[in-house]
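The values are calculated or read from the model by the stated rules, or taken from the named source; none is laboratory data. Only a predicted model underlies this, so the values are computations on that prediction, with no experimental measurement involved. Please note: Cβ atoms are built from the backbone with ideal geometry, for glycine as well, and neighbour counts cover all protein chains shown.
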Amino acid sequence: MRNPLKRIIAVFILIALLPVGFILFELNALTENEKIVREIYENQLDAILYSINQYSDDVIGSWGNRFNIALMEERKVADSVKGIPAVLNQFVAVRNLYCTDIDKTSKVFGLNTNEAEAETSRQWLDSLVMHNQERIQQLIAYEAAGFRKMELMDTVNTTRVPVFFVLSEGTPTYRLAAMIIDLPEFIEHTLGPKLQAIAQDKFIISAFRRDTNELIYSSHGSGTPGNLPEGDESQKKSFWLLPGYYLSISLTGATIDDLVHDRMVTSLIILGLLATILALGIWFLYRNIRREMALAQAKSEFVSNVSHEIRTPLSLISMYAETLEMNRVSEEKKSEYQSVIAKEAARLSGIVNRILNFSQIQANKKKYEAKPLNLNELVDEVLKTYFFHLRDKGFSCELIKDNELKMISGDRNAIVEAFINLIDNAMKYSQDNKNILVKTGRDGNFNYVEVKDEGIGIAKKYQHEIFEQFYRAPTGDIHNTKGSGLGLTLVKKTMEAHHGKIKVESSPGKGSTFRLYFPIKKDPL
Ligand code: ADP
């Protein structure tokens, strides 16, 4: 039995190794996956920031176009410049519009700008134009090629920035213009609604001033600091056109790290559960196989035990029958031989009956006929029939009855058989101290009958298993003590059928007590 068991254990280890390998692989893949997930998130956030930048470019570009159109129309209204204030009025973030023909004339338009301010602005912008001739020529070249580029020329003042653009061919008076954009205003009122539309409740998009890190705008209200994990540069982006400011984006509630960590924890929990279920499954399988193997072993021992038990009476019967046949025995011997034959035949039928009984019970075909019974009477009767048998074998048997016992209900034959089984075992497993004590009594709602011997006893670790079919405790001289390992199984099944129970108390070398409990009948007859 040991070798196949070892082989099974080896197979199990192999089976277990596969999933363990898989789990290790998954754990490794998990870290890889997390990296990919993080990258995807970051790219997504990057793409959002890109689209916001694109949008600001488009807006400022379209404003430039509007101013250009207004300036074109000036020719008709002949310097009355009504068009420009109208456009300025419309685009609140544009504080002033500066126009120049590059060489000599320049002008600054503004709604709430007094003349002195306008003049200061004009000089500042004139000097910018003078000092950035090369870049302006480039803008003109772009325009000639059909592309209007908007370009920021000065970053000294981060709240008001001049964005230059070349006016289209045919614009009267001027060639170049610059919008002086109020950046906080632009971010809050022009970009704000767009940022909110993108952010919804999934992201927090915020704009900060770069030099002071001051929060200018947040899609979640100006008080929200932006929930930006420190040092996560991929989630911050400068405005293309507005270098003094940057945008940040983060997820509401959780950072990417939190999300990735949560995913990792969930995956680890699932993997852990999987591993536990697997380990449990393998353990159960292993236990069942071990039990099945023990059963197979017990069965094969059963066959040899039973054949041995059957052979002895059979050979006795055939030996005495042959001798009788020869007719050479005295009358006295004849009756002795006949009684031996009868006794052995009875023993044989007892063995066969027990096996049949067992197979019936196993197949759930055994029928019990319940009738009101007095346990004391039943025990008395059995012991009377057993008296000579016990005496022959050198046993003393004492009976202590509780005469107050109430009636029980049960199948008489089955209970007698169970009781006899206990007496038989007490005899089989007693050695020098051949004393048996039978006792009846009441314990709660049960009547009991117990059989106590002073025999070899049963070690604690086997006391549970002796009720298993074919099981024989490996103590004592089991090879010479005949048995099939079915007796106690039958007793247990009988007790279960009677809603009763069987209990054993035993210590090796001192003896055993088996007690059968029967529920007391509710309405005693
Ligand atoms: P068996 O045919 O082997 O007696 P049982 O089912 O009646 O089968 O008993 C199972 C095992 O329990 C026995 O093999 C024996 O080891 C142990 N056993 C049963 N009764 C006693 C007892 N009175 N004293 C010691 N051991 C016992």
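Points worth noting:
- Inspection of the range 163-175 finds a residue satisfying the criterion of being in contact (Cβ under 8 Å) with a residue 40 or more places away in the chain, part of a loop (DSSP other than H, G, I, E, B) and more than 18 Å from residue 97 (Cβ to Cβ).
- Number of residues in the range 467-499 that are touching a Phe, Trp or Tyr at 6+ places or on another chain (Cβ under 9 Å) and free of Cβ contacts under 8 Å to residues at least 60 places away in the same chain equals 7.
- Restricted to the range 509-525, and to residues there that are among the aromatic types (Phe, Trp, Tyr) and closer than 19 Å to residue 374 by Cα, the residue that is farthest from the ligand (Cβ to nearest atom) is 518.
- Restricted to the range 416-439, and to residues there that are more than 10 Å from the ligand (Cβ to nearest atom) and surrounded by 21 or more Cβ atoms within 10 Å (Cβ to Cβ), the residue that is farthest from the chain's Cα centre (by Cα) is 438.
- If the condition is being polar (S, T, N, Q) and modelled with pLDDT under 80, then the range 204-245 contributes 222, 224, 227, 234, 235, 238.
- Close pairs (8 angstrom Cβ cut-off, 6 or more residues apart or separate chains): farther than 19 Å from residue 389 by Cα in the range 317-344, hydroxyl-bearing (Ser, Thr, Tyr) and at pLDDT below 90 anywhere: 320/337; 323/337; 324/337; 329/323; 329/337
- Apart from one condition, residue 506 fits all of (1) more than 7 Å from the ligand (Cβ to nearest atom); (2) touching a strand residue (DSSP E or B) at 6+ places or on another chain (Cβ under 9 Å); (3) of a type outside the set (A, V, I, L, M); the exception is (1).
- Residue 197 vs. criteria at pLDDT 50 or above, of a type outside the set (Asp, Glu) and out of contact with any strand residue (DSSP E or B) (no Cβ under 7 Å at 6 or more places or on another chain): yes
- Between 295, 259, 314, 280, the distinction of being without any contact (Cβ under 8 Å) to a residue 12 or more places away in the chain and assigned to a helix (DSSP H, G or I) belongs to 280 only.
- Whichever residue in the range 458-470 is crowded, with 20+ Cβ neighbours inside 10 Å and within 8 Å of the ligand (Cβ to nearest atom) and, among such residues, is farthest from residue 293 (Cα to Cα): 458
- Checked against the criterion of being closer than 30 Å to residue 447 by Cβ and surrounded by 12 or more Cβ atoms within 10 Å (Cβ to Cβ), the candidates 306, 329, 379 yield just one match: 379.
- Just one of the listed residues (260, 265) is farther than 18 Å from residue 45 by Cα and within 21 Å of the chain's Cα centre (by Cα), namely 265.
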